[in-house]
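Heads up, the thing below is written out as C-alpha cells.
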Amino acid sequence: MTMRICFVTFGCRLNRAESLDLEAEYAAAGWDVVQLPSSVDEVDELNAAVPDVIVVRGCSVTAKAQSDCEKKIAQLRIRFPDAEILTVGCLPDAKPVPAYLAPPSLPDVSAPVNRRFSRAYLKVQDGCSGKCAFCIVPSFRGSPVSVPFEQALSRARAYINAGFHEIVVTGCNLCLYRDSNRRLPELVSAIAEIESSGHRVRLGSIEPGLCDTSLLDAMEANPNICRFLHLSLQSGSNRILRLMRRPYTIEQVEEFCVDATRRFGERLAFGADVITGFPGETDADFEATKAFISSHLPFPITHLSSPISHLPFLIPHLHIFPYSEREGTEAATMTPVVPVEVRRARAKELEIIAVANHERFARSLIGQEVEVCVERDGNGRTDEYVRCLLKGTAPRRSIVRAVVDDYFPKTGSLSATIRA
Ligand code: SF4
C-alpha cells in the first residue's frame, strides 16, 4: 500500500526550502505526496486523499507564529485522528522525523528536485551565532553550518537542469556562509555563472553589518543576480540596535545602501524587516526608524552624523512586526515595556509609509522593461520582486521581458506586456 504524506510549512524561505527537499525525497521513495484537503467536505466530496502522515514544519520567530503553528497542529489532530502528525523545524517540541518514517536518505547531489513551486529554493546555510536579544532561532537551529561549496553548486545545477530559471539562495543567516575561504559572494557568483539558457539568482534575507561590499562586487560582476536586497534591519535607531544586540549601526546600513544604489541605480529594490515597540523604544527612536525607511519623502533626516536632505534610496518592500515577547529571549525580561497598543500603532504608521514606498517604486517602473519569472498563474515577479500581471503568455518558470504599462495600488501589482 502506498503511504500518503503531506506537508504543512510555516515561516521563512529556509523552512520552505527544507520542506520542498523533504517532500521530493518522500516522492522519490515512492510515497504519495498529497496536498492537505482544504476542508472536511473536500475529503467527502472529492474523496481527497486523507494523509497517513502530516509533517508540520513550524516557526517560532514570534510568539504569534508559534501559537499559529500549535493551533494548526491541534486542528489537524481533530480532523485527521488516524494520521501520524510530525512536528519539525523551529518549534519547541519539534523532533527529527523518526527513522521508521524517514525516506531513505539519498546523497544530496542526487536528491530529487521538487517542482511544486515556480522558483527553486536553494538552502546553503543553517544555524546562527548571533545573540540578538529578541530572537529564539539559534536555540532551534544551533550553530552556523554551511552546505559545501561544490554540493551547493551541483544542487543549483540540478535545479537549472530541471527547468528552473530563478534560484532563491536561502539560509538562517546567509552572510555566515563559509566553505574554507569561500563566502556568500563567491557562492552566489558561482551560481550566477553556471552555464544555462538564462537563469537568475535571488538572495534571501541578509544581515546588515555581516555583509560587506564584496557582495555588491559579486552583484556588479553578475547582472543575473537580482537587483534586490532584503535587509534584516529591525530598527533605525542606534540606541535600539544596541539594546537588540544587533552587530551594526544605522550609519553602516546607510553606507551599504548608498553604495549599492550608486552602483545599481534606482532600479535596485531594497526590502527590510522592522520591529516596532522593542522594549525601551521611545518616540525619538521610533522617529529615527520612520525617518530611515521613508528616506525618499521630502523631510530632513536629522539623526545622522551628517544630516542630508534625503537618502538616495527607497525601501519598497517592508515587513513590519510589532514586537512580541519570546519566552527564553533576553528581551522578554527587558524594561521599560512598550504597551502593545503603542507597538501596534507604530506598526500601522510604518505600514502607511511601506505602501507609499512600494507605490512610488513600482510607478517608477512604468514605461520601463522588466524581467519577470512566470509563475503558475501566468503572472510573476520582476527582478526587483514586484508582483506583475502579464499580458501575453509564456511557459511557467521562464523569465520573460515585458514593458510595464500600469500599476494597481489595490493589489500592489504592475501590469506589463510581454515583449515578442
Ligand atoms: S542574526 Fe539575530 S535575528 Fe537573525 S537568526 Fe541570528 S540571532 Fe536571530
Handout entry: Residues of the range 51-64 classified as over 15 Å from Cys6 (Cα atoms), of a type in the set (Val, Ile, Thr) and either open to solvent by less than 40 Å² (accessible area, probe 1.4 Å) or free of Cβ contacts under 8 Å to residues at least 24 places away in the same chain (or both), total
Key = 1
Exercise for the section: Quick one: in the range 106-161, of everything that is within 16 Å of the ligand (Cβ to nearest atom) and part of a helix (DSSP H, G or I), which residue is surrounded by the most Cβ atoms within 10 Å (Cβ to Cβ)? Expected result: Val137
Practice task
Within the range 386-399, track down each residue that is in contact (Cβ under 8 Å) with a residue 60 or more places away in the chain, closer than 23 Å to Gly271 by Cβ and open to solvent by 30 Å² or more (accessible area, probe 1.4 Å).
Solution key: Ile399
Completion exercise
By residue number, the members of the range 233-288 that are part of a helix (DSSP H, G or I) and open to solvent by less than 20 Å² (accessible area, probe 1.4 Å) are Ile240, Leu241, Ile250, Val253, Cys257, Val258, Ala260, Thr261, Asp285, Phe286, Ala288
Completion exercise
Being touching an Asp or Glu at 6+ places or on another chain (Cβ under 8 Å) and buried (at least 17 other Cβ atoms within 10 Å of the Cβ) narrows Ala402, Ala362 down to just Ala402
Practice task
Could you tell me whether Asp383 is surrounded by fewer than 16 Cβ atoms within 10 Å (Cβ to Cβ) and not assigned by TED's automatic domain parsing to the domain that holds Gly198?
Solution key: no
Practice task
Go through the range 152-183 and give me each residue that's under 13 Å from Ile194 (Cα atoms) and among the polar types (S, T, N, Q).
Solution key: Ser154, Asn161
Problem - Filtered residues of the range 325-348 (kept if crowded, with 19+ Cβ neighbours inside 10 Å and out of contact with any Pro (no Cβ under 7 Å at 6 or more places or on another chain)) - result: Arg326, Arg346
Practice task
Starting from the range 65-81, take each residue that is in the same structural domain as Gln35 (by TED's automatic domain parsing) and list its partners that are assigned to a helix (DSSP H, G or I) and surrounded by fewer than 17 Cβ atoms within 10 Å (Cβ to Cβ), counting only C-beta distances under 7 angstrom and pairs at least six apart or across chains.
Solution key: Arg79/Val40
Practice task
Just give me the residues in the range 223-232 being within 16 Å of Glu384 (Cβ to Cβ) and either within 16 Å of the ligand (Cβ to nearest atom) or open to solvent by less than 10 Å² (accessible area, probe 1.4 Å) (or both), in sequence order.
Solution key: Ile225, Cys226, Phe228, Leu229, His230, Leu231
Exercise for the section: Please tell me if Pro185 is within 13 Å of the ligand (Cβ to nearest atom), within 20 Å of the chain's Cα centre (by Cα) and over 20 Å from Val372 (Cα atoms). Expected result: no
Problem - Residue satisfying condition, being at pLDDT below 90 and over 24 Å from the mean Cα position of the chain (by Cα), within set Phe299, Phe286, Phe313 - result: Phe299
Practice task
For residues that are within 20 Å of His230 (Cβ to Cβ) and either touching a Lys or Arg at 6+ places or on another chain (Cβ under 7 Å) or assigned to a loop (DSSP other than H, G, I, E, B) (or both), tally how many sit in the range 324-352.
Solution key: 1
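The values are calculated or read from the model by the stated rules, or taken from the named source; none is laboratory data. The model shown is predicted, which means the values in this text are computed figures rather than measured ones. No Cβ is skipped: glycine too gets one built from the backbone with ideal geometry, and neighbour counts run over all protein chains shown. Side chains included, ligands, DNA and RNA excluded: accessible areas come from the protein's heavy atoms. Shrake-Rupley method; radii C 1.70, N 1.55, O 1.52, S 1.80 Å.
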